[in-house]
1. Can you figure out the FRET efficiency of Ile181 with Lys201, using R₀ = 25 Å and their beta-carbon distance, to the nearest 0.05?
2. Name the residue, out of Phe74, Phe165, Phe120, whose mean-square fluctuation peaks in a Gaussian network model built on the chain with Cα pairs under 10 Å.
3. For the chain, what is the mean residue ellipticity at 222 nm derived from helices alone (per DSSP H run of n ≥ 4: -39500 (n - 2.57); sum divided by total residues; nearest 500 deg cm²/dmol)?
4. List the relative contact order of the chain as a percent without decimals, with contacts defined as Cα pairs under 8 Å and 6+ residues apart.
5. By how many nm would the segment from Ile148 to His130 grow when fully extended, if each residue of separation counts as 0.36 nm and the alpha-carbon distance is taken off?
6. Once you have a ≥ b ≥ c as the square roots of the Cα gyration tensor eigenvalues for the chain, tell me rounded if a/c is under 1.5, and otherwise prolate or oblate according to whether a/b is larger than b/c.
7. Step through the table entries Lys42/Lys159; Lys147/Lys195; Lys93/Lys158; Lys159/Lys201; Lys49/Lys104, compare each Cα-Cα distance with 31 Å, and write down the pairs that go over it.
8. If we sort 112-118, 34-40 on the protection proxy, mean other Cβ atoms within 10 Å, highest first, what's the order?
Amino acid sequence: MAKKIIIVFLIAVVSIASLFSEDVIFLSDDINIKYENDIWDKLMDDSVKVITVLSMYQNQGYVSLFNSDALGDFEIIYLSEEGRGILTNMINKYLNWETLAITKGVSISKDIPDLKIPVFAYYSLMKEPHTVKGLTLTASFYSTSPKIHYLILETDEKKVADNDFLTYKMDSWYFDHEAAIALEKSLTKENIETKIDEYNKQEDIESEFV
C-alpha cells in the first residue's frame, strides 16, 4: 500500500513538472477531498494540491488547484488574485453555515449565493491536454448528516478551446471542515510569500553545487 501511495505521488509530481517549463511551487500538501462517483453513486476519496508557477504568480497573481489520477490525467483550475479572495469568502461562508447547522442539528443543501469566480482550466483526457476558457467556479453547502457538512466546488460546462467536439466540466470536489481550512490557509498571501521564499532559498543553495 505504501509503495502504491509513493508511486501515485511521484506520478502527480512528474505530471505537474512536465506541464511547465518554469518553476512550480507547492503551496499546500495533499488536501484530502471527495468526489461523486456516478457509477457507484457514492463519494470517493481524492486529493488536490494548491500550486503556483513562479512567473505566473509574479506577473499575474495566479495560483492553481491541481488534481491528478494514477493514470497521469490531470485538472488545473487557475485562480486570479481576485478569485482567491472570492474563494476565501466562499470558505468562510461554508464555515459559518457549518457552525449554524451543527448548532441547530440540521442537514441542508444550498448554493452559496452571490459568489462566483471566473476561471480557466487546463486538463487532460487520455493524456491529451486541452484548454478551457470562460468557466465559472461556484460553491454550495451539502450535508450528509446533521454533523457532517461539505463545501462543494464545481464549474459550469464549456466547450474546450482546441476541440469543437469536447466539453469540460470540473468534477465536483467535496471539502470537509479540515480540507476547507487547509485550502483557506494555502490561499493566504502570507503562505504564498513564505513558500516562494523557501523555494528561492533552496534554489540559492542548490546553485552553489556546480
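1. Numbers: r = 27 Å, r/R0 = 1.07.
Efficiency at R0 = 25 Å is approximately 0.40.
2. Looking only at Phe74, Phe165, Phe120, the largest GNM fluctuation is found for Phe165.
3. Working: 5 runs with 78 residues, N = 210.
About -12500 deg cm²/dmol.
4. Working: 373 pairs, mean separation 37.1, N = 210.
In percent, rounded to a whole number, it is 18.
5. 2.9 nm
6. Working: a/c = 1.56, a/b = 1.36, b/c = 1.15.
The shape class here is prolate.
7. Values: Lys42/Lys159 27 Å; Lys147/Lys195 34 Å; Lys93/Lys158 27 Å; Lys159/Lys201 41 Å; Lys49/Lys104 33 Å.
Distance filter (> 31 Å) returns Lys147/Lys195; Lys159/Lys201; Lys49/Lys104.
8. Values: 112-118: 14.7, 34-40: 12.4.
Answer by packing, highest mean first, reads 112-118, 34-40.
Quick note: the coordinates plus some simple rules give every number you see, no bench work behind them. Given the structure is predicted, the values throughout are model-derived calculations rather than measurements. Heads up, the Cβs are rebuilt from the backbone with ideal geometry, glycines too, and the neighbour counts pull from every protein chain shown.
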